[in-house]
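Student: Structure provided below as structure tokens; questions to follow.
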Amino acid sequence: MAASSSAHPITSFAGSYTLALEASTYAGSVAILCGSDVVVARDVEMGRRADEKLMPVVAECVATLPDGMRSVERIVCGAGPGSFTSLRIAASIAKGICHARGIPLFELSSLALIVAASAGDQPGRYLVSLDAMRGESFAAIVEVGNDRKIAAAVPFEIVEASTLAEKARGAGAELLPGAPHAAGVARMLGSVLDRGPVDLAAWEPDYGRAAEAQVRWEAANGRPLPR
């Protein structure tokens, strides 16, 4: 979903605290930023509903701040594509905190975060991907400009995983391995805030495709799952 116009104008983020969450894969992450500097970052295993670990790690990170959660002025959440369950957990936590605290929620592409975490500072054109299962990948071309900026939103497509190297060559891009990480938000924070916060009531991550349970239900019932 596109970002909305800001109800919380951002004049400067220097010296303010941002909570960043990323959970497009089963390797989730949490980071606290002060301005565009990473104060603390943690990794967390995702994907087990009976043993949800993301919120305890969020609490652990926030506890390092001078006034705990009251110090957080905004949340930035990786918006996918990726794992339905992991993304939904991260989004629910982010939205719940933002609603309770009355602070804005911002989104950015999890694919762009791969570049932020893995590409260094050199301008370039990169093809990045995340596992979409079924032998497929979510893939996107992400460019790092001469100003070192990375777009917070990038279009992606679902492709056969075996064609990634060929697609990178055809696009004149470097096939960049790696994984998204919440700490990469530090490099992209200006671009993220420039887009403005999301509509907190309506926002959901872009899962990239329907959840497996939805696919099975629709196949068994011969119609779309009611919303």
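Only the coordinates and a few stated rules stand behind these numbers; no lab work does. These figures come from a predicted structure and were not determined experimentally.
Student: Checking the cross-link filter: which lysines have an alpha carbon closer than 30 Å to that of Lys53, excluding same-chain neighbours under 8 positions apart?
Tutor: Lys95
Student: Let me have the relative contact order for region 17-221, percent, based on Cα pairs under 8 Å that are six or more residues apart.
Tutor: 24
Student: Please work out the Kirkwood hydrodynamic radius for region 17-221, using every pair of different C-alpha atoms, and report it in angstroms with one decimal place.
Tutor: 17.2
Student: Same structure, new question: Return the aspartates and glutamates within reach of Lys167: Cα separation strictly under 19 angstrom, same-chain partners fewer than 8 residues apart disregarded; answer none if there are no such residues.
Tutor: Asp131, Glu136, Glu143, Glu157
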